[in-house]
Amino acid sequence: MELKLKPFLKWAGGKTQLLVEIEKNLPSNIEELNRYVEPFVGAGALFLFFLENNMFEEYIINDINTKLINLYKVIRDNKQEFIICISELREKYLNKSEVEREKFFYSIRNAFNKECDNITQAAYMVFLNKTCFNGLFRENSKGEFNVPFGRYKNPSFIDEELIETLSDLLNQKDKYGNFKVKILNQPFQEMREYIDMDSFIYCDPPYRPVTIGGFNSYNKSSFNDDSQKALAEFYKFADKKGSKIMLSNSDPKNLDLEDEFFDDLYRDFNIQRVLAKRRINSNAKGRGEITELLITNY
Ligand SMILES: C[S@@+](CC[C@H](N)C(=O)[O-])C[C@H]1O[C@@H](n2cnc3c(N)ncnc32)[C@H](O)[C@@H]1O
């Protein structure tokens, strides 16, 4: 699987690393399916792959992170203004000494946490993602982004050509004049209305931590075991509707061979354990090769 449209953000759990395994496990009749649904899109590695290869007639992408979804919409609707805004931020940042860069980072973080217009907010989001520690997105209980400065010598910021291409792809219309890509900002349960036997659904939820204190908090409400159980209900609903559905998750057996949490929840489906390299993990020892789960209903 060759990915020309590289994800434009660093994102915890980003799937670029796992794409080869995912590709091997796609439904054999994928070319007959018309709709792609991704309820936890994040930086959208798999979505971008399908989009650039024109695999589906219609795409429904969703994430609960409002600022992330704003970014997708700004790239679609305001690409020129967005590119100017992010280029100005990059210029200002790169012309500063290291001490001044850190101060600048915190001033942008403050501004991002206050009201600002959509284009500015989208540019701030990318700026912070590229300059903060490990590209994390974490908010405190007040919903304020609180990741500290990352001290990168030469952060990549944004590839303008990639934004232009992505914007064009997001602007594609169907024969009725509607966008081919629907961009939604809802809890995953609300996606039920978009699911039918013509859909391929890929669920990549926040992972169940494999290290104690492992990273699974993307915003103020963290995704706990009850959320994982609710997602299993959603999965079964999609199965009954006749959709093809794939879900990835961490494998608790990396830490505890007796842990049957996902094996129990998805016992009626195909559970595969594939090798993966975890990129964001609070425990440096947790960075080596571990297995992850790929669960399919086909
Ligand atoms: C593992 S990441 C997805 C990574 C993505 N596959 C990629 O390649 O970048 C999980 C995403 O789920 C989102 N999320 C968390 N809770 C959610 C919920 N209840 N409903 C919908 N999205 C949620 C987070 O904001 C995060 O972007």
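The values are calculated or read from the model by the stated rules, or taken from the named source; none is laboratory data. All of these numbers come straight from a predicted model, not from anything done at the bench. For neighbour counting, all protein chains shown are included, and Cβ atoms are generated from backbone atoms with ideal geometry for every residue, glycine included.
The single condition among (1) more than 20 Å from N297 (Cα to Cα); (2) more than 16 Å from the ligand (Cβ to nearest atom); (3) surrounded by fewer than 17 Cβ atoms within 10 Å (Cβ to Cβ) that S167 does not meet is (3). Residues of segment 112-137 that are modelled with pLDDT under 95, buried (at least 16 other Cβ atoms within 10 Å of the Cβ) and in a loop (DSSP other than H, G, I, E, B): L136, F137. Select from segment 70-94 the residues that are buried (at least 19 other Cβ atoms within 10 Å of the Cβ) and within 16 Å of the ligand (Cβ to nearest atom) and list them in ascending order. Result: L71, Y72, I75. Among residues of segment 26-35 being surrounded by 16 or more Cβ atoms within 10 Å (Cβ to Cβ) and out of contact with any Asp or Glu (no Cβ under 7 Å at 6 or more places or on another chain), the one that is nearest to K241 (Cα to Cα) is P27. Restricting attention to segment 156-171, which residues are touching a residue at least 60 places away in the same chain (Cβ under 8 Å) and assigned to a loop (DSSP other than H, G, I, E, B)? Hits for segment 156-171 are F157, I158, D159, N171.
Looking only at segment 100-111, how many residues end up being within 14 Å of P148 (Cα to Cα) and surrounded by fewer than 13 Cβ atoms within 10 Å (Cβ to Cβ)?
Residues flagged as within 14 Å of P148 (Cα to Cα) and surrounded by fewer than 13 Cβ atoms within 10 Å (Cβ to Cβ) within segment 100-111 amount to 4.
Condition check ((1) outside the structural domain of K241 (by TED's automatic domain parsing); (2) out of contact with any helix residue (DSSP H, G or I) (no Cβ under 7 Å at 6 or more places or on another chain); (3) modelled with pLDDT of 95 or more) across all residues:
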site	(1), (2), (3)
P155	yes, no, no
D168	yes, yes, yes
G177	yes, yes, yes
V181	yes, no, yes
E190	no, yes, yes
D196	no, yes, yes
S199	no, yes, yes
P205	no, no, yes
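Here E38 clears all of (1) in contact with a Ser or Thr (Cβ under 6 Å, 6 or more places away or on another chain); (2) among the charged types (D, E, K, R); (3) closer than 19 Å to L247 by Cα except the condition numbered (1). Of everything in segment 186-207 that is in a loop (DSSP other than H, G, I, E, B) and more than 9 Å from the ligand (Cβ to nearest atom), the residue that is nearest to L51 (Cα to Cα) is D198. Whenever a residue of segment 223-238 is assigned by TED's automatic domain parsing to the domain that holds R192 and touching a residue at least 24 places away in the same chain (Cβ under 8 Å), its partners that are among the polar types (S, T, N, Q) and surrounded by fewer than 17 Cβ atoms within 10 Å (Cβ to Cβ), lying with C-beta atoms within less than 9 angstrom and at least six residues away or across chains, give the pairs A230/Q189; L231/Q189; F234/Q189.
For the criterion of being assigned by TED's automatic domain parsing to the domain that holds F145 and more than 14 Å from the ligand (Cβ to nearest atom), E31 fails.
Taking E190, is it surrounded by fewer than 18 Cβ atoms within 10 Å (Cβ to Cβ), farther than 19 Å from W11 by Cβ and within 19 Å of the chain's Cα centre (by Cα)? Break it down stepwise before answering.
Numbers: surrounded by fewer than 18 Cβ atoms within 10 Å (Cβ to Cβ): yes; farther than 19 Å from W11 by Cβ: yes; within 19 Å of the chain's Cα centre (by Cα): yes.
Yes; evaluated as a whole, the condition is true for this residue.
Being more than 25 Å from K173 (Cα to Cα), among the acidic types (D, E) and either in contact (Cβ under 8 Å) with a residue 40 or more places away in the chain or within 12 Å of the ligand (Cβ to nearest atom) (or both) holds for only one residue in E52, E38, E58, E21, and it is E21.
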